[in-house]
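The values are calculated or read from the model by the stated rules, or taken from the named source; none is laboratory data. Here the structure is a predicted model, which means the values were calculated and not measured. Every residue, glycine as well, gets a Cβ built from its backbone with ideal geometry; the counts of neighbours run over all protein chains shown. SASA here: full protein model, heavy atoms, side chains in, ligands and nucleic acids out. Shrake-Rupley method; radii C 1.70, N 1.55, O 1.52, S 1.80 Å.
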Amino acid sequence: MAKILIIEDEISIAELEKDYLELSGFDVDMEHEGISGLKKALEVEYDLIILDLMLPGMDGFEICRKIREEKDVPVLMVSAKKDDIDKIRGLGLGADDYVTKPFSPSELVARVKAHLARYERLVGSNVQKNDTVEIRGLKIDKTARRVWVNGEERQFTTKEFDLLTFLAENPNHVYSKDELFRRIWDMESIGDIATVTVHIKKIREKIEFDTAKPQYIETIWGVGYRFKV
Ligand code: CA
C-alpha cells in the first residue's frame, strides 16, 4: 500500500485529503507544522508527499528544498495563491506538481495516482539510483560522494570519505589501524598508521555530536576502530 504524507496546517483540509486518499486505498500520515513535517518526511519512507506552502515553523519552499537534498520522492505542492505556483516553478525546487486551493479532493486523488504510477515506472525501469548507506542520522551517498549528518551536508576529503564509507559499510567489525591504512591508502602513500588516527579524528569532528563520546566510530583500545550500529 502506498504511503503518503500530508503536511498541511489547516486541519479541516488535511482531514479531507486524508479521508479521500484513504478511501482510494492509501496509507496516510499527517503533520500540521513545518519542522515536524520535514522531520517526518526525512525519517519515514513515503511514496508521495503533499506539501502545503504556507506553514508555521518552516514554509513549503524550504521543506521541499531540504527533502530534495536527500530524497527523490514525488512532492505535490499545494498553495492558495497562483503567484506562489509561479514562484515554485521559478525556484526550481524540484517539486513534481502544483495544485492551487481550492481544489476538489477527487482531483487531488487523480494527481496522486498519476504521480505514483509515473514514479513506479521510473524506479521500475531501473533508473540509476544512487547507492547510499544510512545509519541513524548519518547518510552517505556513495555515487555522489556526499555525506549528511541529520540532514546537514558535511564536507570530507577523499580519504576521509573512503575511510568513513569503508567503516560504515562494515559495521561491528573491529579493524586495526594497520589494516585500515592498507585498505584505504595505496601502497605508495607516504604515511603510516598515525595517518589513520588523524583521519578518524577529523571524521569524528564532522559526524559526532560529542567527539568524547562517539556514537558512530568507536575506539577499541589497543586494537583499532569499530563502526557501531
Ligand atoms: Ca497553510
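Within the stretch 130-172, the set of residues being hydrophobic (A, V, I, L, M, F, W, C), over 24 Å from Arg68 (Cα atoms), surrounded by 18 or more Cβ atoms within 10 Å (Cβ to Cβ) and out of contact with any Leu (no Cβ under 7 Å at 6 or more places or on another chain) comprises Leu167 only.
Please tell me if Ala95 is open to solvent by 30 Å² or more (accessible area, probe 1.4 Å), at pLDDT below 90 and either more than 19 Å from the chain's Cα centre (by Cα) or within 25 Å of Ala2 (Cβ to Cβ) (or both). It is false that Ala95 is open to solvent by 30 Å² or more (accessible area, probe 1.4 Å), at pLDDT below 90 and either more than 19 Å from the chain's Cα centre (by Cα) or within 25 Å of Ala2 (Cβ to Cβ) (or both).
In the set (1) over 21 Å from His115 (Cβ atoms); (2) among the hydrophobic types (A, V, I, L, M, F, W, C); (3) at pLDDT below 95, the condition left unmet by Met58 is number (3). If you check Met30, Met54, Met58, Met77 for being open to solvent by less than 60 Å² (accessible area, probe 1.4 Å) and over 17 Å from Leu108 (Cβ atoms), only one passes: Met58. Restricted to the stretch 1-108, the set of helices (runs of 4 or more DSSP H) holding at least 1 residues that are in contact (Cβ under 8 Å) with a residue 40 or more places away in the chain and either touching a helix residue (DSSP H, G or I) at 6+ places or on another chain (Cβ under 9 Å) or more than 15 Å from the ligand (Cβ to nearest atom) (or both) comprises 11-23, 34-43, 60-70. All of (1) among the β-branched types (Val, Ile, Thr); (2) open to solvent by 60 Å² or more (accessible area, probe 1.4 Å); (3) farther than 26 Å from Trp148 by Cβ hold for Ile35 with one exception: (3).
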